[in-house]
Every structure is written in C-alpha cells, then in structure tokens.
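J.: Structure incoming, see below.
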Amino acid sequence: MLRIARFLLPLVALLPHSLAAQEIAYDFDFGEPELAIPLAQDGGERMVEIAHAQPLPAGGAYGPFRIVDDAHAALEGVTDETSDADFAAMMRDHPGIATIEMVDCPGTEDDRVNLRLGRMIRARGIATHVPADGFVASGAVELYLAGVHRSAEPGAEFAVHSWEDDTGREPADYAPDAPRNRAYLDYYRAMGMSEGQARSFYAMTNSVPFSGAKWMTAADMDHWARFDEPARAPAAPQYARAAAAKGDRPGGAPVRGGAYGPFPIVGETHAVMAG
C-alpha cells in the first residue's frame with residue numbers, strides 16, 4: 001500500500017511565479033465511468049499541507065463537501081475512505097449540484113477512493129472551479145480534472161508530486177504499465193486525455209519526489225490539462241452568475257467590477273445579464 005505520511009512545505013521558498021491574467025476554462029463530453037481501479041486494497045495518503053486554510057462556506061456538510069446553494073458545493077479539506085459515500089449522500093439530498101468550488105484541497109488519505117470519487121464527479125456531469133484564492137494539490141488535482149467543465153481563476157495554486165509505497169518505492173521504480181501506474185493512466189484517459197497526454201501529465205506529476213512538490217499556476221494547468229478538444233472562450237463561473245443575480249457572492253463579497261443596469265461585471269472578459 002502507499003505509505004501514509006504528511007509533510008509541510010516551506011511556503012516562502014516555494015511560492016509560485018506571478019500568474020497569467022486569464023481564467024482557464026474547458027468543456028468536455030463524458031461517458032460511463034470505469035469503477036475498477038487496480039490499486040492496493042488500502043489506499044494511501046497523498047497530500048500537501050499548507051497554512052492558508054479558507055473559511056468554510058455556509059450550509060450543510062458531507063465530509064469535506066459543503067453546500068453553498070442548490071447548484072454549488074465547496075470542497076475544502078482532505079478526501080478519505082468515506083468521501084465517495086459522502087459525495088453520493090450529497091447528490092442524493094442535493095441532486096441539482098452542478099459545480100464544485102475547490103477552495104482549499106490539500107489531497108487525499110485514500111488514493112483508491114479518490115480516483116473512484118473523480119469518476120463519480122465526471123459521471124454526474126459536474127463542473128470544477130478553483131477561485132483566485134483556491135489551493136488544489138496532490139490527489140485533489142485528480143478531482144479537479146474530473147470536472148466536465150473546469151475553470152481556474154488567476155491566483156489559483158496547484159501542486160503535484162509522486163506517490164511512494166510502504167517499501168519506499170515511487171512510480172519510476174515500477175514498470176510503466178504496472179498496475180499501480182496504470183491506475184492513474186487509465187484515470188486520466190477516462191477524464192478525456194489521449195494515451196500520450198495521460199503519460200505526459202503523469203510523468204510531470206512524478207517529476208518531483210513524494211517528499212517535494214511542483215507548484216503550478218492556472219496557466220500551467222492550462223498547458224498540462226489541454227485536451228484534444230480546443231479550449232473554448234472562458235466562461236463566467238457558474239457561482240458568479242448565480243451570485244450576480246442576487247448582487248453578491250457567496251460569503252457576502254460583492255460581484256467585482258460593478259453593474260450597468262442588468263449587466264453586472266464579473267471580470268475583464270465577462271459580464272452577466274441578471275434581470
């Protein structure tokens with residue numbers, strides 16, 4: 001099984017470079033998920049701890065998922081061996097959830113369940129969005145990739161690293177198509193990547209050891225998560241459109257940019273017609 005270990009990164013030394021001033025967004029088709037995941041019976045922990053925890057949104061809680069409104073949930077915290085059941089319960093009680101806001105997501109305590117959870121998110125046709133102050137790392141990156149529509153605002157942070165098993169071996173110590181490696185490649189294929197893209201992305205995540213981290217910006221994720229389908233024009237996040245109709249954002253912050261009659265400004269390239 002994968003070794004359970006947490007670590008704290010030296011934040012000052014590893015702060016990412018300045019970000020591209022453009023939101024990255026994609027839309028995807030999706031099919032039926034494969035639920036067979038050839039990992040060890042006991043999934044291992046894979047996460048990055050960071051100091052800037054975000055405030056929890058209002059609403060009910062289902063494990064690391066918090067209800068924001070009828071169409072939006074927030075993911076904040078580590079996924080574990082019960083997160084697939086938490087997600088199923090949330091969707092049973094709130095079937096209209098269409099977007100998961102990834103607020104502060106340091107990773108997972110169970111890779112096996114985490115990959116199953118990602119397939120469940122994709123099968124439900126849910127979008128994933130990372131706000132400007134959002135943080136998505138390690139196993140949570142797989143959940144970001146699960147969105148049929150993905151978006152990340154400038155300022156969003158991502159971090160990846162390789163896994164390590166209980167013998168101290170990492171992905172490169174196994175054959176490229178060994179079951180432990182193949183589980184991730186098959187997952188990336190299920191999320192829309194070609195075989196070559198899946199291998200390139202997986203190699204990038206494994207370019208730093210388990211004890212380190214490769215920091216990425218929204219623009220970096222645009223490069224690595226670009227699929228066969230060309231990127232479309234950025235779309236305003238769904239939560240921003242819903243909030244604009246009320247004149248605010250979840251948590252009480254006003255929609256940025258002001259309003260012109262029924263047209264609230266969401267960003268440099270987006271306006272919302274609400275009214």
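The values are calculated or read from the model by the stated rules, or taken from the named source; none is laboratory data. Because the structure is a prediction, the values reported are computed rather than measured. Cβ sites come from the backbone with ideal geometry, for glycine too, and all protein chains shown count toward neighbours.
J.: Within the range 66-96, which residues are assigned to a strand (DSSP E or B) and not hydrophobic (A, V, I, L, M, F, W, C)?
T.: R66, D69, H72, E76, T79 - these are the residues of the range 66-96 that are assigned to a strand (DSSP E or B) and not hydrophobic (A, V, I, L, M, F, W, C).
J.: Suppose the filter is within 24 Å of V208 (Cβ to Cβ), assigned to a helix (DSSP H, G or I) and in the same structural domain as G192 (by TED's automatic domain parsing); does A140 pass it?
T.: Yes: the conditions hold for A140.
J.: Exactly one condition in (1) out of contact with any His (no Cβ under 6 Å at 6 or more places or on another chain); (2) at pLDDT below 95 is false for A140; which is it?
T.: Unmet for A140, out of (1) out of contact with any His (no Cβ under 6 Å at 6 or more places or on another chain); (2) at pLDDT below 95: (2).
J.: Would it be correct to say that A244 is at pLDDT 90 or above, of a type outside the set (D, E, K, R) and assigned to a helix (DSSP H, G or I)?
T.: No.
This table checks each residue for (1) touching a Phe, Trp or Tyr at 6+ places or on another chain (Cβ under 8 Å); (2) at pLDDT below 95; (3) part of a loop (DSSP other than H, G, I, E, B).
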{"site": "G168", "(1), (2), (3)": "no, yes, yes"}
{"site": "P176", "(1), (2), (3)": "no, yes, yes"}
{"site": "Y184", "(1), (2), (3)": "yes, no, no"}
{"site": "Y187", "(1), (2), (3)": "no, no, no"}
{"site": "F210", "(1), (2), (3)": "yes, yes, yes"}
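J.: Considering each residue of the range 79-89, count those that are under 21 Å from S151 (Cβ atoms) and either without any contact (Cβ under 8 Å) to a residue 40 or more places away in the chain or not assigned by TED's automatic domain parsing to the domain that holds F210 (or both), and give that number.
T.: Counting residues in the range 79-89 that are under 21 Å from S151 (Cβ atoms) and either without any contact (Cβ under 8 Å) to a residue 40 or more places away in the chain or not assigned by TED's automatic domain parsing to the domain that holds F210 (or both) gives 1.
J.: Please specify each residue of the range 143-159 satisfying the condition of being assigned to a strand (DSSP E or B) and closer than 17 Å to F87 by Cβ.
T.: Across the range 143-159, there are no qualifying residues.
J.: Same structure, new question: Need the failing condition index for S162 against (1) in a strand (DSSP E or B); (2) touching a Phe, Trp or Tyr at 6+ places or on another chain (Cβ under 7 Å), just the number.
T.: Against the list (1) in a strand (DSSP E or B); (2) touching a Phe, Trp or Tyr at 6+ places or on another chain (Cβ under 7 Å), S162 comes up short only on (1).
J.: Do we find that R189 is free of Cβ contacts under 8 Å to residues at least 12 places away in the same chain and under 30 Å from P131 (Cα atoms) in this structure?
T.: Yes; evaluated as a whole, the condition is true for this residue.
J.: Among the residues of the range 112-131, what is the count of those that are touching a Lys or Arg at 6+ places or on another chain (Cβ under 9 Å) and either surrounded by fewer than 24 Cβ atoms within 10 Å (Cβ to Cβ) or not in a helix (DSSP H, G or I) (or both)?
T.: 4
J.: Quick test of your reading of the structure: A172 fulfils all but one of (1) assigned to a helix (DSSP H, G or I); (2) buried (at least 19 other Cβ atoms within 10 Å of the Cβ); (3) not polar (S, T, N, Q). Name the failing condition by number.
T.: Against the list (1) assigned to a helix (DSSP H, G or I); (2) buried (at least 19 other Cβ atoms within 10 Å of the Cβ); (3) not polar (S, T, N, Q), A172 comes up short only on (2).
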